[in-house]
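The values are calculated or read from the model by the stated rules, or taken from the named source; none is laboratory data. If you're wondering where the values come from, they're calculated on a predicted model, not measured in any experiment. Neighbour counts run over all protein chains shown; Cβ positions are idealised from the backbone, glycine included.
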Amino acid sequence: MSVKATVVINQGANTLSGVEVATALIGSAGVVISKGYNGSTYIVAGTQTSSLSPVILALTNASPGDQFLIRKYTTAVIGTGASQVVVQSGSAAGAIIGAFQIGTAAPNEVLATFDGVQWR
């Protein structure tokens, strides 16, 4: 007997070929993205409204070796140049995988890989 897996990927005005562009405000509650629902490349293009905003990579549906590429595409500046978007594993209390500041010369992407336990 053969078994086939079904994967549903969100497809809409903001998602095309596995690339999702999120233009919503990024507040202190942040955004949660999930493997199998969101595309493997997630572009943060919204305005940051908190001095420390998280992008949380959900553990649900993640398999060892899965990857997410999170990119910043915004020039919105709030507060000081130390304002950051952090990428975290599992929850807002999870390990910080990487971060980018909201400045034009700051690093603008984080590549995360799931090791079977958490995103790294």
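Summary table
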{"quantity": "Filtered residues of region 60-74 (kept if in a loop (DSSP other than H, G, I, E, B) and within 17 Å of V86 (Cβ to Cβ))", "calculated": "Y73, T74"}
{"quantity": "Set L52, L16: member being surrounded by fewer than 18 Cβ atoms within 10 Å (Cβ to Cβ) and either of a type in the set (D, E) or within 14 Å of V86 (Cα to Cα) (or both)", "calculated": "L52"}
{"quantity": "Selected residue (criterion: farthest from N108 (Cα to Cα)) from residues of region 35-59 that are assigned to a loop (DSSP other than H, G, I, E, B) and at pLDDT 90 or above", "calculated": "L59"}
{"quantity": "Qualifying positions in region 19-42 - surrounded by 19 or more Cβ atoms within 10 Å (Cβ to Cβ) and aliphatic (A, V, I, L, M)", "calculated": "A22, I26, V31, I33"}
{"quantity": "Pairs, first under 15 Å from E109 (Cβ atoms) and hydroxyl-bearing (S, T, Y) in region 74-97, second part of a loop (DSSP other than H, G, I, E, B) and modelled with pLDDT of 60 or more, C-beta under 6 Å, six or more apart", "calculated": "T74/A45"}
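Residue-wise test of (1) in a strand (DSSP E or B); (2) modelled with pLDDT of 90 or more; (3) not charged (D, E, K, R).
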{"site": "V32", "(1), (2), (3)": "yes, yes, yes"}
{"site": "G81", "(1), (2), (3)": "no, no, yes"}
{"site": "V86", "(1), (2), (3)": "yes, no, yes"}
{"site": "A99", "(1), (2), (3)": "yes, no, yes"}
